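The values are calculated or read from the model by the stated rules, or taken from the named source; none is laboratory data. Given the structure is predicted, the values throughout are model-derived calculations rather than measurements. As a convention, Cβ positions derive from the backbone with ideal geometry for all residues, glycine included, and neighbour counts pool all protein chains shown. For the accessible areas, the whole protein counts, side chains as well, though only heavy atoms, and no ligand, DNA or RNA atoms are used. Shrake-Rupley method; radii C 1.70, N 1.55, O 1.52, S 1.80 Å.
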Amino acid sequence: MTSSAPAIGRPLARADVRARAGLADPAYRALLTLFAVGVFAVLALIVWECARGAAPSLAAFGWRFLVSADWDPVAEKFGALPYLYGTLVTSAMAMLLAVPPCIGAAVFLAELAPRGFGAVASFLVELLASITSIVFGVWGLFVLAPWLRVVIEPWLIAHLGFLPLFRGFPFGLGFLNAGIVLAIMIAPTIVSISREILLATSRTLREASLALGATRAESLAVTLDAARPGILGAMILALGRALGETMAVTMVIGNTNRISASLLGSGATMASVIANEFTEATSKLHLAALIELALVLFAVTVVLNAAARLLVRWTTGGRRDVAGAA
Amino acid sequence: MSPAPRDRLAALPRGGPGLARRAWNALVLAGCGAGLALVLLPMIMLVAHIVARGLPGLSLAFFVSMPKPVGEPGGGMANAIVGTMILVGACGLIAVRVGGGTGLYLAEYGRGPFAGAVRYAAELLAGVPSIVVGVAAYGLVVLTIGHFSAIAGAIALAILMLPTIVRSTEEVVRLVPRSYREAALALGAPRWRVVQSVVLPAASAGIVTASMLALARAAGETAPLLLTALGNRFWSVALDQPIASLPVMIFDYARAPYSDWNQQAWTGALVLLLLVTAVSAMLRLAVRRIG
């Protein structure tokens, strides 16, 4: 018998319990910690793989990659400007179209709707967030594009054609289509996070302002003011999603490497050109240029996400269910 | 002496807010309602279109027969449906293990700066565009093996699912009552035993539900599969070979210039919509009823 075994009749000491557990407890904890470290490892691997793959392009073009509009796989010249432009234009349009109605919808769901209706509509919005991008792509290609070509774009050209934004021919596919599809896709994100934020911030403020004799609209201004950083966070998260969205955009943007001032023109985004050309890349340098695009996209979205999540957390006082719902 | 409270109340102007304020109020409230309508309307149209255009092509053959060459009637996406199941299954095996382990760590030992950093890293990972994950998986797996393969696709999907599973596992495990742990510890069980045989079984239903939700979403991912699993016109269930998947096949068929392929794409979109959205809806409703 070893001396560490407790004598009969003596109460178990803490040390005895520890001794019995032996190495199992630390080992178990170490195993779980290993899984947690895995999350970092995955992030690091993404950066490493993108940086490694992009190295030839980084070496060949340097910073000119971002300002040159010359994308010519045959001559092995690669400049990302048309794709940066396309990404920026489509995302900006999506935000302009989506943000105003989405904030209205969030306010309606959080503050005005009868409880039962609000719950049902919020559930519906959550479900809409689960519709996958390829489904949006099919819809944009077969339904939205013909409609834009026949109805909307001729009207825009006839009535607003004096603006450079609406010059050109009605193709149906292009920046306008991509912007509309993106706006529909990011709407559920903005609505559901903004609604959560309004619910988390508003109660006392609303009651106080109503008690002072404010109308509903005036009290909304007060609560919106308090929720502003969080709603900004929701918008940035949605922007990050729009920037990185691939399949739906690839199907409706027309896929050319032009920089057109008109919204009716076709183009491509960083994500869509990767999806289009990656498996058919003609040379090592072509592949490296595409991977560099992924690297740029990664950097932009990580910075945006980091900022947005800090904003959401700050506004809601660290309520995980809100910060994480994003 | 100051007037009694009741007299002060009487001195207030009567009739509530004036006309301008009431008009502004009505306008703002109407605007909010219109916003909700604007958000929901395109979505409802989209679902209606998918159902209306996809339904005519929906038949048993779509699920059990192979794609036919252009011009031949019939044919289905059996290989793509099985391919998606294999991809999602393999990705679940990886993601549930790693993500579940991480979530368990965060819930049981997750205090201090390291755990905070893990949470934040998981949230950042959730924001990485899926195409970027595809590029990384290409470099990591496809280049290493030397060709496109199902396992590369599964790994890419697993990376995309990881953040969701980490977060929901942590939440579900935190919901297990403290008294369970205390009771087990009081019986002399070591910590690992408490977690493994008391906490985990209590949380398992929630973990399974959350994982299913994440898997349903992974089933609809397209972009990373283009760069990893590639797609396959033929029947293949091998993990080390390119494999067909429903989203990639819809993508190819929608862009093809043949109307019968386009019809197949509509039907495929309907099946995907039903698969992903119906599973999500049922699971969410179930969770609501329990919680």
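Here are some notes:
- Inter-chain Cβ neighbour count for A:298-304, averaged per residue, equals 3 (cutoff 10 Å, partner chain atoms only).
- Computed E for residue A:69/residue A:299 - FRET, C-beta separation, R0 22 angstrom, nearest 0.05: 0.60
- Taken about its Cα centre, chain A carries a charge dipole of roughly 960 debye when the Cβ of each Lys and Arg holds +1 and the Cβ of each Asp and Glu holds -1.
- Listed values for the stretch B:50-62 are Karplus-derived 3J(HN,Hα) couplings in whole Hz (6.51 cos²θ - 1.76 cosθ + 1.60, θ = phi - 60°), namely 4, 5, 5, 7, x, 4, x, x, 7, 7, 4, 4, 4, and x replaces Gly and Pro.
- In this structure the amide hydrogen of residue A:71, modeled in the peptide plane, comes within under 5 Å of the amide hydrogens of A:79, none closer than 5 places in sequence on its chain.
- Other protein chain C-beta atoms within 10 Å of residue C-beta, averaged over A:214-225: 3.
- Taken about its Cα centre, the stretch B:123-186 carries a charge dipole of about 100 debye when Lys and Arg each add +1 at the Cβ and Asp and Glu each add -1 at the Cβ.
- Span from the the stretch B:226-268 Cα centroid across to the the stretch B:32-102 one, whole angstrom: 12
- Ranked by solvent-accessible area (1.4 Å probe, protein heavy atoms only, all chains present), the residues B:261, A:139 order from largest to smallest as B:261, A:139.
- Cβ neighbours within 10 Å from other chains - mean over A:24-33: 5
- Ordering A:215-224, B:24-33, A:115-124, A:171-180 by mean Cβ neighbour count within 10 Å, with the highest value first, yields A:171-180, A:215-224, B:24-33, A:115-124.
- Cα gyration tensor shape for the stretch A:63-316, rounded if a/c is under 1.5, else prolate or oblate: prolate
- Helix content alone sets the calculated 222 nm mean residue ellipticity of chain A: runs of n ≥ 4 DSSP H residues at -39500 (n - 2.57) each, divided across all residues, give -23000 deg cm²/dmol.
- Rounded if a/c under 1.5, otherwise prolate or oblate - chain B, Cα gyration tensor axes: oblate
- Largest first, the extents of the alpha carbon coordinates of the protein assembly as shown on the three principal axes equal 93, 89, 55 Å.
- Using θ = phi - 60° in the Karplus curve 6.51 cos²θ - 1.76 cosθ + 1.60, the 3J(HN,Hα) couplings for the stretch B:246-258 round to 4, x, 5, 5, 4, 4, 5, 6, 5, 8, 6, x, 10 Hz; x is entered for Gly and Pro.
- Across the stretch A:104-114, computed HN-Hα scalar couplings (Karplus, 6.51 cos²θ - 1.76 cosθ + 1.60, θ = phi - 60°) run x, 5, 5, 4, 4, 5, 7, 10, 9, 5, x Hz from first to last residue, x flagging Gly and Pro.
- Of the peptides A:278-290, B:110-122, the order by per-residue mean of other Cβ atoms within 10 Å, starting with the highest, comes out as A:278-290, B:110-122.
- Heavy-atom accessible area order for A:85, A:28, largest first, 1.4 Å probe: A:85, A:28
- Residues whose amide H falls under 5 Å from that of residue B:243, counting only those 5 or more places apart or on a different chain, are B:150, B:231, with hydrogens built in the peptide plane.
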